[in-house]
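A.B. asks: The structure under discussion is supplied below as structure tokens; questions concerning it will follow.
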Amino acid sequence: MLASVKNILQEAKNQGYAVGAFNVFNMEDAQSVVRACVKKEKPFVIQVTENTLSYAGDGLIYEVVKTVMNQTSPTIPIGKIRT
């Protein structure tokens, strides 16, 4: 489930836990990160670098990450930011 990073971080602050933020560069990275974080049942942030966006294009990498999230993590909040 795609969620606001601001909301994820505010909830984490209120409940006293850290939120992991992970760079992904392709589908396999996204699958690995999402599957690992879902096992922990905690929200997390997926980051994409400017270089990855230049290489893969904004739309393509976003659709890859969104598809992985929807298939793997329908209930765990996931934030998405550009780094």
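The values are calculated or read from the model by the stated rules, or taken from the named source; none is laboratory data. From a predicted model like this one, the values you see are computed outputs, not experimental measurements. Every residue, glycine as well, gets a Cβ built from its backbone with ideal geometry; the counts of neighbours run over all protein chains shown. Heads up: the accessible areas ignore ligands, DNA and RNA and are worked out on the full protein's heavy atoms, side chains in. Shrake-Rupley method; radii C 1.70, N 1.55, O 1.52, S 1.80 Å.
A.B. asks: Residues of the range 1-24 being part of a strand (DSSP E or B) and hydrophobic (A, V, I, L, M, F, W, C), which ones?
C.D. replies: Of everything in the range 1-24, those that are part of a strand (DSSP E or B) and hydrophobic (A, V, I, L, M, F, W, C) turn out to be L2, A21, F22.
A.B. asks: Within the range 35-54, work out how many residues are over 16 Å from V68 (Cβ atoms) and crowded, with 17+ Cβ neighbours inside 10 Å.
C.D. replies: So the count comes out to 0.
A.B. asks: Taking only the range 41-60 into account, find how many residues are of a type in the set (D, E) and not in a loop (DSSP other than H, G, I, E, B).
C.D. replies: Qualifying residue count for the region: 2.
Yes/no matrix, rows are residues, columns are (1) within 9 Å of the chain's Cα centre (by Cα); (2) of a type in the set (S, T, N, Q):
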position	(1), (2)
M1	no, no
S4	no, yes
N14	no, yes
R35	no, no
K39	no, no
K42	no, no
I46	yes, no
Y55	no, no
E63	no, no
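A.B. asks: Which condition number does S32 fail, the rest of (1) crowded, with 16+ Cβ neighbours inside 10 Å; (2) under 18 Å from V65 (Cβ atoms) being met?
C.D. replies: (1)
A.B. asks: Okay, next question. Which of the residues belonging to the range 55-83 are modelled with pLDDT under 75 and exposed (fewer than 14 other Cβ atoms within 10 Å of the Cβ)?
C.D. replies: Within the range 55-83, G57, D58, P74, T75, I81, R82, T83 meet the criteria.
A.B. asks: Yes or no: the range 25-38 includes at least one residue that is among the aromatic types (F, W, Y) and in a loop (DSSP other than H, G, I, E, B).
C.D. replies: The initial filter retains those residues of the range 25-38 that are among the aromatic types (F, W, Y), namely 25.
Checking which are in a loop (DSSP other than H, G, I, E, B) leaves us with 25.
Within the range 25-38 (the criterion being among the aromatic types (F, W, Y) and in a loop (DSSP other than H, G, I, E, B)), the answer is yes, since at least one residue qualifies.
A.B. asks: Pairs, please: C-beta under 9 Å, at least 6 apart or cross-chain, first residue in contact (Cβ under 8 Å) with a residue 60 or more places away in the chain and in the range 17-41, second open to solvent by 50 Å² or more (accessible area, probe 1.4 Å) and in a strand (DSSP E or B)?
C.D. replies: Listed by first residue and then by second, the contacts come to A21/I81.
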